[in-house]
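> Right, I'll just put the structure down here and ask away after.
Quick note: the coordinates plus some simple rules give every number you see, no bench work behind them. Remember, predicted model here, so these are calculated numbers, not experimental data. We place every Cβ from the backbone using ideal geometry, glycine too, and count neighbours over all the protein chains shown.
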Amino acid sequence: MTKDDAYGIFEKMSTEIYALLTTKGDAYSCDEDVLQNFKNAAANLDMKPFQIWAVYFGKHVSSIFKAISDNPHYPIDKSEGFKSRLLDAAAYLYLAACLHAEIENQPDK
């Protein structure tokens, strides 16, 4: 694959991840805080938001690994599609960056 081909995929995925975060995110958070679902679950379970994030992210990674295990040559996720799983996992990395930035900006880290 050429660099141009790869950069085209990166650009398209970035657009799709942004769309995913802005549409799916509305179902999980509020306008004031895109991280609200992690915080609510953390409070309910006496955990930290990053721990909740790790559980959610792990679910996405597990589904990717399962698809690869089932068909190593051409992974397929039969429920959401392999590409959709990759986009979800990438979106969660952005959310981890948001969690980290929020904590980093607190004076009492």
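> Which residue fluctuates most in the GNM of the chain (Cα springs below 10 Å): 90, 54, 27?
Ranking 90, 54, 27 by mean-square fluctuation puts 27 first.
> Taking the beta-carbon count within 10 Å as an exposure proxy, list 60, 100 from fewest neighbours to most.
On the way: 60 20, 100 12.
Least to most surrounded, the residues fall as 100, 60.
> Name the lysines eligible as straight-distance cross-link partners of residue 39: C-alpha to C-alpha under 25 Å, and not fewer than 8 places from it in the same chain.
Hits, sequence-local ones excluded: 24, 48, 59, 109.
> Continuing with this model, one more query. Could you work out the relative contact order of the chain? I mean the mean sequence separation of Cα pairs under 8 Å and 6+ apart, divided by the number of residues, in percent.
Computed value for the chain: 25 percent relative contact order.
> How large is ³J(HN,Hα), in whole Hz, for each residue of region 79-94 in order, when computed from phi with the Karplus curve 6.51 cos²θ - 1.76 cosθ + 1.60 and θ = phi - 60°, using x for Gly and Pro?
Calculated HN-Hα couplings, in order: 8, 10, x, 4, 4, 4, 5, 5, 5, 4, 4, 5, 4, 5, 5, 4 Hz.
> Under a GNM of the chain (C-alpha, springs under 10 Å), which listed residue has the highest mean-square fluctuation: 56, 94, 74?
Among 56, 94, 74, the largest mean-square fluctuation in the Gaussian network model of the chain belongs to 74.
> Exposure proxy check: 55, 34 ranked by fewest other beta carbons within 10 Å?
Ranking 55, 34 by Cβ neighbours within 10 Å, fewest first, gives 55, 34.
> Let me ask another. Taking only the alpha carbons of the chain, what extent do you get along each of the three principal axes, in Å, biggest first?
Extents along the principal axes, in whole Å: 46, 30, 25.
> On a straight-distance basis, which aspartates and glutamates could pair with residue 66 in a cross-link, Cα separation under 14 angstrom, same-chain partners fewer than 8 positions away excluded?
Cross-link targets: 77, 80.
> Can you work out the Karplus-derived ³J(HN,Hα) for every residue in region 37-45? Use 6.51 cos²θ - 1.76 cosθ + 1.60 with θ = phi - 60°, whole Hz, and x for glycine or proline.
Those phi angles translate into 5, 5, 5, 4, 4, 4, 5, 5, 10 Hz.
> Cut-off is 10 Å between beta-carbons; in what order do 63, 69 appear when sorted fewest neighbours first?
Working: 63 19, 69 9.
With the fewest neighbours first, 63, 69 line up as 69, 63.
> Towards the positive end of the charge dipole of the chain, with charges on Cβ (+1 Lys, Arg; -1 Asp, Glu), say which of 41, 69, 57 has the farthest Cα.
Checked the options; the winner is 69.
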